[in-house]
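Data first, discussion second: the structure below is written as structure tokens.
The values are calculated or read from the model by the stated rules, or taken from the named source; none is laboratory data. This structure is a prediction, so every number in the text was calculated from the model and none was measured. Counting neighbours? That spans all protein chains shown, and the Cβs are built from the backbone with ideal geometry, glycine included.
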């Protein structure tokens, strides 16, 4: 028999009485198959000196000055505990921009070969990236990602898996929802606006257009690992991200927001 109580049932304390939930912990974090400790109780790892140096000496100038970066919705980011960050993907700029804009390190999967490059390897490892062998199964990738979540990391997942020419979520995969269901971690939808125009899949040069990041409300993990639950949560993430994109660029303080759907450049044909 399974000793774990149902996700929606009360947890018993040592004296048989219902255990009190720690202040600020959401019941959504206990849905699905939880990891060893409740995600809300796990402290997030402290950023390394290498991470801070890269974030503030390299990513900050590019994002804030050259790309005129803005963020919105930072109050929605849980500062502690396991978190699955789901986002659209339009550029190689997206991983470092996400980690910098969210205010806490975000771990991403990276090809194992990148860690063998003398200078690049130590840098991306210091930034929280973790290696996945070429040809590794989805199960292996999920297992490694769950280990990161168990350590309190925010783990980043691009829903489409690959960069999209239009910068939207078009054909989302179920990997993020499965990861959240296995580890009992909430999902945080994040929209990256205009990165596909700054350095898209078909570009070799950086274009100095505004790149903004808008953060949505956390979404509870799927109730189970059944296909219908994974599809429902994945669809909720897709709709949330595309809705954040459709709000347009973030207006400077004291100014009206841009018209719905407005971007820095006209849409590509």
Task: Considering residues of segment 242-256 that are touching a strand residue (DSSP E or B) at 6+ places or on another chain (Cβ under 6 Å) and part of a loop (DSSP other than H, G, I, E, B) only, the residue surrounded by the most Cβ atoms within 10 Å (Cβ to Cβ) - done: 249
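Just one of 231, 239 is in a helix (DSSP H, G or I), modelled with pLDDT of 95 or more, touching a helix residue (DSSP H, G or I) at 6+ places or on another chain (Cβ under 9 Å) and surrounded by fewer than 19 Cβ atoms within 10 Å (Cβ to Cβ); which is it?
Details: 239 fails: touching a helix residue (DSSP H, G or I) at 6+ places or on another chain (Cβ under 9 Å).
Only one candidate passes the filter, namely 231.
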TODO: Output the qualifying pairs, or none if there are none: Cβ atoms under 9 angstrom, residues six or more apart or on different chains, first residue in segment 230-251 and under 17 Å from residue 192 (Cβ atoms), second residue part of a helix (DSSP H, G or I).
DONE: 237/176; 237/177
Open item on the list: Can you find a residue that is more than 13 Å from the chain's Cα centre (by Cα) and free of Cβ contacts under 8 Å to residues at least 40 places away in the same chain anywhere in segment 147-157?
Closed with: yes
Open item on the list: What pairs come out if I take residues in segment 84-111 that are at positive phi and pair them with residues that are surrounded by fewer than 20 Cβ atoms within 10 Å (Cβ to Cβ) and modelled with pLDDT of 90 or more whose C-beta lies under 9 Å away, six or more apart or interchain?
Closed with: 103/71; 103/74; 103/77
Task: Criterion (surrounded by 13 or more Cβ atoms within 10 Å (Cβ to Cβ), at pLDDT 95 or above and closer than 25 Å to residue 92 by Cα) met by exactly one of 199, 188 - done: 188
- [ ] From 102, 83, 93, 98, grab the single residue that is in contact with a helix residue (DSSP H, G or I) (Cβ under 6 Å, 6 or more places away or on another chain) and either under 26 Å from residue 239 (Cβ atoms) or surrounded by 14 or more Cβ atoms within 10 Å (Cβ to Cβ) (or both).
- [x] 93
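I'd like the residue in segment 207-218 that is in contact (Cβ under 8 Å) with a residue 60 or more places away in the chain and touching a helix residue (DSSP H, G or I) at 6+ places or on another chain (Cβ under 6 Å) and, out of all such residues, is surrounded by the fewest Cβ atoms within 10 Å (Cβ to Cβ). Explain how you work it out, then say what you get.
Keep residues of segment 207-218 that are in contact (Cβ under 8 Å) with a residue 60 or more places away in the chain, which gives 208-218.
From what is left, the residues that are touching a helix residue (DSSP H, G or I) at 6+ places or on another chain (Cβ under 6 Å) are 208-209, 211, 213-217.
Values: 208: 13, 209: 19, 211: 29, 213: 26, 214: 23, 215: 23, 216: 19, 217: 10.
The qualifying residue surrounded by the fewest Cβ atoms within 10 Å (Cβ to Cβ) is 217.
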Task: residue 64 being over 17 Å from the mean Cα position of the chain (by Cα), in a helix (DSSP H, G or I), more than 13 Å from residue 149 (Cβ to Cβ) and modelled with pLDDT of 90 or more - done: yes
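Taking residue 57, is it surrounded by fewer than 16 Cβ atoms within 10 Å (Cβ to Cβ) and either at pLDDT 75 or above or outside any loop (DSSP other than H, G, I, E, B) (or both)?
It is true that residue 57 is surrounded by fewer than 16 Cβ atoms within 10 Å (Cβ to Cβ) and either at pLDDT 75 or above or outside any loop (DSSP other than H, G, I, E, B) (or both).
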Task: Condition met for residue 71 (surrounded by fewer than 16 Cβ atoms within 10 Å (Cβ to Cβ), touching a residue at least 24 places away in the same chain (Cβ under 8 Å) and outside any helix (DSSP H, G or I)) - done: no
- [ ] Identify, by number, the condition in (1) in contact with a helix residue (DSSP H, G or I) (Cβ under 8 Å, 6 or more places away or on another chain); (2) in contact (Cβ under 8 Å) with a residue 60 or more places away in the chain; (3) closer than 17 Å to residue 239 by Cα; (4) surrounded by fewer than 24 Cβ atoms within 10 Å (Cβ to Cβ) that residue 175 doesn't meet.
- [x] (2)
